[in-house]
Amino acid sequence: MRFAHIADVHLGYEQYKLPYRSAEFAESFRRAVEIAVESCDFILISGDLFHTSRPTPETLKEAMDVLSIPRERGIPVFAIDGNHDRTRRKVSVYHLLESLELINLIGFRDERVENRWLVSEKIDRGYIVKGVFGDVEIHGMGYMSSVWFEKKDIRKIFKPECDAILMLHQGVKEIAERFGSGSYELKMEDIPRGYLYYAMGHIHKAFETNYDIGKFVYPGSLQRWDFGDYEVRFYWDGLRLKTIGGTKKGFYIVENFEPRFLELNVRPFIDVKIEADEKTVKKLLMDIGGKISSDSFVRIDLRWREPYDVSSIQGIVRGKYVQIRTRFERVKMKGGKKIKPEDFFDEVELKVIELAGGKDYNAQDIVNILVQSDEMETKTLRKPKSLLDWGVSYED
Ligand SMILES: [Mn+2]
């Protein structure tokens, strides 16, 4: 028995507002499915197949075209929804794909569903729908918030009685923290025991571990999610330039419950972090430049004690997309004392400055902050202490 485990496909995601990135996310999905159908008996998609719950007709067509490949071969696809593509509406895009016999939706349902691949079990309210493939059962549910988990213990809901797989789209504390994030809904001990394979989604970096008698696996997103999900990071520690390799991108082929990672060729993301003066930065970027291919996405994160002109830096590193981010301290002399930004701006202004400098900066967020500023508590702004504070992101 062999299956493919894919997650966080994010079809329709125009990363950095670039439409061709959405095409690249779709291409990775096609590639993964094409590889999977060559050797697998079934395919699991552990949530966030789509970037939003209401994909455009174009995105929907991409999904339908790719999912028709396993359907034509009689290979079932089992799916759960993720935090990005779930909806409170009665009919979701997953229901639509299920009606077209392209996927089989696992989890809580209002109606009983019974077919070649699905069985339903009555619970207090509605049904829990499980997948069946030969002797193997596929349990699971779509994304749930941490508030939901305060009321429910899924160890009482999911109890395997045969060889079984559990599909979840959640962040787990111990693993989230390993990636420097404090965002999660569950702890490891809250996860039901007894499954032979935990087909996880949500964390965008590939990660595998053991849990109870099974393998606990996040395939990660099929394409690089942001510059925290880098292929290579160059980091200047003040003395020498360090090179740190990131995680590989792809999905899992699982044979007799043993996972094997399958790497996909994806758009390279290069993350550069330098805290130095202009002259040093230019010299370092010249050195780094030769190691960066022209199809790369590059972020150059610069910090220094005083501002300098970065316009001449833009051309040093070639790349398909180059983003320069600066965090210069506004050091001013006043009565012989150094003045920090915190001395000039209040809490709300600092928050607005921080947001406006962010990657997916949204004007509405800033408007909301200004509108709500009266209600805001006063908090001290965090200052970067370690590499993690440069901004590590891993999920969504
Ligand atoms: Mn996701």
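Looking at (1) part of a helix (DSSP H, G or I); (2) of a type outside the set (Gly, Ala, Ser); (3) surrounded by fewer than 17 Cβ atoms within 10 Å (Cβ to Cβ), which is the only condition Val66 fails?
(3)
From the set of residues in region 4-62 that are free of Cβ contacts under 8 Å to residues at least 60 places away in the same chain and on the phi > 0 side of the Ramachandran plot, which is farthest from the ligand (Cβ to nearest atom)?
Top of the filtered list is Lys17.
So which of Gly131, Gly107 ends up being at pLDDT 95 or above, on the phi > 0 side of the Ramachandran plot and of a type in the set (Gly, Ala, Ser)?
Testing whether each residue is at pLDDT 95 or above, on the phi > 0 side of the Ramachandran plot and of a type in the set (Gly, Ala, Ser) leaves just Gly107.
Considering only region 165-188, how many residues are modelled with pLDDT under 95 and part of a strand (DSSP E or B)?
Of the residues in region 165-188, 0 are modelled with pLDDT under 95 and part of a strand (DSSP E or B).
Kindly indicate the residue of region 195-216 that is within 16 Å of the ligand (Cβ to nearest atom) and in a strand (DSSP E or B) and also nearest to Glu137 (Cα to Cα) among those meeting that condition.
My answer is Ala199.
Return the residues of region 118-137 that are basic (Lys, Arg) and within 27 Å of the chain's Cα centre (by Cα); say none if nothing qualifies.
Answer for region 118-137, where residues must be basic (Lys, Arg) and within 27 Å of the chain's Cα centre (by Cα): just Lys130.
Inside region 138-165, can you point out the residues that are within 24 Å of the chain's Cα centre (by Cα) and within 21 Å of Phe257 (Cβ to Cβ)?
Scanning region 138-165 gives Ile138, His139, Gly140, Met141, Ile154, Ile165.
Do we find a residue being touching a Ser or Thr at 6+ places or on another chain (Cβ under 8 Å) and in contact (Cβ under 8 Å) with a residue 60 or more places away in the chain anywhere in region 265-285?
Yes, some residue in region 265-285 is touching a Ser or Thr at 6+ places or on another chain (Cβ under 8 Å) and in contact (Cβ under 8 Å) with a residue 60 or more places away in the chain.
Kindly list, by first and then second residue, each pair from a residue in region 70-84 that is over 18 Å from Tyr198 (Cβ atoms) and modelled with pLDDT under 95 to a residue that is more than 16 Å from the ligand (Cβ to nearest atom) and of a type in the set (S, T, N, Q), limited to pairs with Cβ atoms under 9 Å and residues at least 6 apart or on different chains.
Hits for this filter: zero, empty list.
Between residues in region 205-218 that are assigned by TED's automatic domain parsing to the domain that holds Glu174 and among the basic types (Lys, Arg) and residues that are surrounded by fewer than 20 Cβ atoms within 10 Å (Cβ to Cβ) and outside any strand (DSSP E or B), which pairs lie under 6 Å by C-beta distance while being six or more apart or on different chains?
If the second residue must be surrounded by fewer than 20 Cβ atoms within 10 Å (Cβ to Cβ) and outside any strand (DSSP E or B), the pairs left are Lys205/Thr247.
Considering only region 323-347, how many residues are modelled with pLDDT of 75 or more and in contact with a Ser or Thr (Cβ under 8 Å, 6 or more places away or on another chain)?
0
Taking the criterion of being touching a His at 6+ places or on another chain (Cβ under 9 Å), acidic (Asp, Glu), crowded, with 18+ Cβ neighbours inside 10 Å and not in a strand (DSSP E or B), would at least one residue in region 217-231 satisfy it?
Yes; the residues of region 217-231 include at least one that is touching a His at 6+ places or on another chain (Cβ under 9 Å), acidic (Asp, Glu), crowded, with 18+ Cβ neighbours inside 10 Å and not in a strand (DSSP E or B).
Check off (1) out of contact with any strand residue (DSSP E or B) (no Cβ under 7 Å at 6 or more places or on another chain); (2) modelled with pLDDT of 95 or more for Leu239 and give me the number that stays unchecked.
Every condition holds for Leu239 apart from (2).
Return a yes/no flag: does region 185-194 have any residue that is farther than 20 Å from Arg260 by Cβ, within 14 Å of the ligand (Cβ to nearest atom) and not small (Gly, Ala, Ser).
For region 185-194, residues farther than 20 Å from Arg260 by Cβ, within 14 Å of the ligand (Cβ to nearest atom) and not small (Gly, Ala, Ser): present.
Quick one: how many residues across region 243-289 are surrounded by 18 or more Cβ atoms within 10 Å (Cβ to Cβ) and acidic (Asp, Glu)?
Qualifying residue count, region 243-289: 2.
If I ask for residues that are of a type in the set (Val, Ile, Thr) and touching a strand residue (DSSP E or B) at 6+ places or on another chain (Cβ under 8 Å), which ones from region 66-86 would you list?
Selection gives Ile75, Val77, Ile80.
Considering region 238-256 alone, what residues qualify as being out of contact with any Gly (no Cβ under 7 Å at 6 or more places or on another chain) and either part of a loop (DSSP other than H, G, I, E, B) or of a type in the set (Asp, Glu) (or both)?
Answer for region 238-256, where residues must be out of contact with any Gly (no Cβ under 7 Å at 6 or more places or on another chain) and either part of a loop (DSSP other than H, G, I, E, B) or of a type in the set (Asp, Glu) (or both): Gly238, Leu239, Arg240, Gly246, Lys248, Glu255, Asn256.
Among the residues of region 312-322, count how many are among the basic types (Lys, Arg) and modelled with pLDDT under 90.
Residues that pass the stated criteria total 1.
The values are calculated or read from the model by the stated rules, or taken from the named source; none is laboratory data. This is a predicted model, so every value here is computed, not measured. Glycine also receives a Cβ, built like all others from the backbone with ideal geometry; neighbour counts cover every protein chain displayed.
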